[in-house]
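Just so you know, all these numbers are worked out from the coordinates, no wet-lab data involved. These numbers come from a predicted model, not from an experiment. Methodologically, a virtual Cβ is constructed for each residue, glycine included, from the backbone with ideal geometry; neighbour enumeration extends over all protein chains shown.
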Amino acid sequence: MNRAISHHQKCCIDYTSCFGDSRLDVRGNTIASAMLEKGTVILNRLSENRAEVVSSGLFFQNDRVSQEILRDEATTRCAEVSQGLHVLAIQDTSEINYQHHAGKLDRADADLGPLGNNRDIGFFVHPTLVVDARDGFPFGVSDIYVWNRTWNHATKTQREYKKLPIEDKESVRWIRSGQVTRELLCGADQVTIVADREADIYDEFIEVPDDKTQLLIRSTQNRILVDQPDKLFEHIGHAEVWGTYGLTIPQGHSKRQGRLAEIEVRCCPVKIARPKNTVNKTLPEYVALYAIEAKETAATLVDGEEAICWRLLTTHCVNSFADACKIIQWYRWRWIIEQLFRTLKQQGLDVEASQIETGAGLKKLVIMAVSTALRILQLTLERDDNFGRAGTIVFSEWELECLRAFQPMYEGSTVKQKNPFPVNSLAWAAWIIGRLGGWKGYRKAGPAGPVTIKRGLEKFNQLFTGWLLQKMYA
């Protein structure tokens, strides 16, 4: 029965024997499990009493609990589930802002510094989210890189940024995380690293790809081409249109009006020239890539709005309109990592509300919280059975049995009030967790969101504990 109670064995990070100290192992496992089950990273809410709050605080302050150990434990399962598959490794960066309780933090703390506005205190997190290239379902993370700036951080002009080697720039994180991912996911059939415009770095196209690792980067620089009079943007804009497709823009989406946008797709091979101002003159004089442009036509463009336009650079061969559309879809799945960030923050775990008072402890907490946010995200994405995944991705067999026992209590008498999904599927489990979190169960009311899923997981933890005790002593 102890094995059944150990929820984190299936669903969370397992820190057994990581630290060489059984007390650290136990505390790490307890914290990781409580994060998932209670849907929070606030130590007062994770802990049952004052002693546990103090114990958890000491765990994050302990130098033997390193960021490297926590990161390795968070990424191990991802390597296992990616075996033999084509996966997308989606990179992005987010600020973790602690300005609202800056009074409890020490500005001299070497693990804290200014954020993008050069005023608020915190640090940056750069995870690489691994998803199935077939349908976009997230498996896990292959890397979690955290860093902070110093308070005397000079501007790019002051540092003569363009003259610095890539190793001395913050942007090296895109290359570093790509290399870490390539090594970790060596058992995958293929890895495509996906990133937005910040990752448009010439060095990355040289240093990251190999026989099984490809790149898909949104272009931000109108680069010089080899043997072409036009630069990249003009050259791809003059290429032949391969086809069009419809893109639904929901009403209220960003600053755009809702509509069905018509998107033209162009594609051509290009040779990107090595930048003239690069410090590393040993880099090849050019790199051969495929450029794809997906741009809204004038037929659906709304007055006053700028046309949707994605220019993508990829190491994949693109031989047809179908190939191009598939790669565009891979890029569009970048929104999943944005959902992960929202789940990590105010729409879920509220990691920026933590009471830990050291930068090192906060960084460790965020690394652990990424894995917890991922579980909430997996349930949220699968609430409509979009992926057909099994419930064992998130829940143990014992927990699925508990969900089956409680399901009748949350179903109504009519068909519309019944759980419509296959028993033991992740969608079936998400339906019950949503009901536990306060969702009414009616589709017309919309699906359960991350906050509701988080509340549902917290309530389920309470039910599961009582259910196990009843089975043990019945």
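Things to note:
- Applied to the range 453-468, the Karplus parametrisation 6.51 cos²θ - 1.76 cosθ + 1.60 on θ = phi - 60° returns per-residue 3J(HN,Hα) values of 4, 4, 5, x, 5, 5, 5, 4, 4, 5, 5, 5, 4, x, 5, 5 Hz, with x for Gly and Pro.
- Formal net charge of residues neighbouring Asn419 (Cβ-Cβ distance under 15 Å; K, R +1; D, E -1): +3
- Two-decimal Rg/Rh across the range 382-473, once Rg and the Kirkwood Rh are taken from alpha-carbon atoms: 0.95
- Between amide H atoms placed 1.01 Å from N, distances below 5 Å from Val318 occur with no residue 5 or more places distant or on a separate chain.
- Candidate values (i) 80, 58, 43; (ii) 68, 55, 47; (iii) 89, 51, 49, label of the one derived for Cα extents along the principal axes in Å: (i)
- In degrees, nearest ten, helix 22-38 long axis to first principal axis of the chain (Cα): 80 degrees
- Pairwise FRET efficiency - Arg404 versus Glu170, Cβ, R0 = 45 Å, nearest 0.05: 0.35
- Residues in the range 268-311 reached by a label modelled at Thr244 [backbone nitrogen below 15 Å; 7 Å Cα→Cβ]: 294-302, 308
- Between Gln257 and Glu198, the contour length at 0.36 nm per residue exceeds the Cα-Cα span by 18.6 nm.
- Residues Met368, Met472, ranked from the fewest to the most other C-beta atoms within 10 Å, line up as Met472, Met368.
- A Förster radius of 41 Å combined with the Cβ-Cβ distance from Gln346 to Gln228 puts the calculated FRET efficiency at roughly 0.30.
- Each Lys or Arg adds one and each Asp or Glu takes one away; over the other residues whose Cβ falls under 10 Å from the Cβ of Ser82, this sums to -2.
- The mean sequence distance of close C-alpha pairs (under 8 Å, at least 6 residues apart), as a share of the length of the range 292-394, puts its relative contact order at 17 percent.
- Eligible lysines near Lys276 by straight Cα distance, threshold 21 Å, same-chain separation 8 or greater: Lys156, Lys162, Lys163, Lys169, Lys231
- When each of the peptides 323-332, 188-197 is scored by how many other beta carbons lie within 10 Å of its residues on average, the order from highest to lowest is 188-197, 323-332.
- Straight-line cross-link partners of Lys459 among the lysines, defined as a Cα under 30 Å from its Cα and at least 8 positions apart when in the same chain: Lys10, Lys38, Lys345, Lys363, Lys364, Lys416, Lys418, Lys440, Lys444, Lys471.
- Counting charges near Val194 (Lys, Arg +1; Asp, Glu -1) among other residues having Cβ under 14 Å from its Cβ returns a value of -2.
- Loop sites in the range 363-442: GluC sites (Glu not before Pro), DSSP, at most 16 other Cβ within 10 Å: Glu411
- Taken one residue at a time, the phi angles of the range 384-391 give Karplus couplings (6.51, -1.76, 1.60, θ = phi - 60°) of 10, 6, 6, 10, x, 8, 7, x Hz. Gly and Pro are set to x.
- Here the extension length gained between Thr278 and Leu468 equals 62.2 nm, from 0.36 nm per residue of separation less the Cα-Cα distance.
- Highest-first packing order for the peptide set 369-375, 260-266, 220-226 is 369-375, 260-266, 220-226, based on the mean count of other beta carbon atoms within 10 Å.
- Length gained on full extension, Cys268 to Thr300: 9.1 nm, using 0.36 nm per residue less the C-alpha separation.
- Amide H contacts under 5 Å for Val141: Cys78, Val130, restricted to partners 5 or more places along the chain or on a different chain, H placed in the peptide plane at 1.01 Å from N.
- Low-density loop cleavage sites - GluC sites (Glu not before Pro) in the range 282-326, where at most 16 other Cβ are within 10 Å (DSSP): Glu285, Glu305, Glu306
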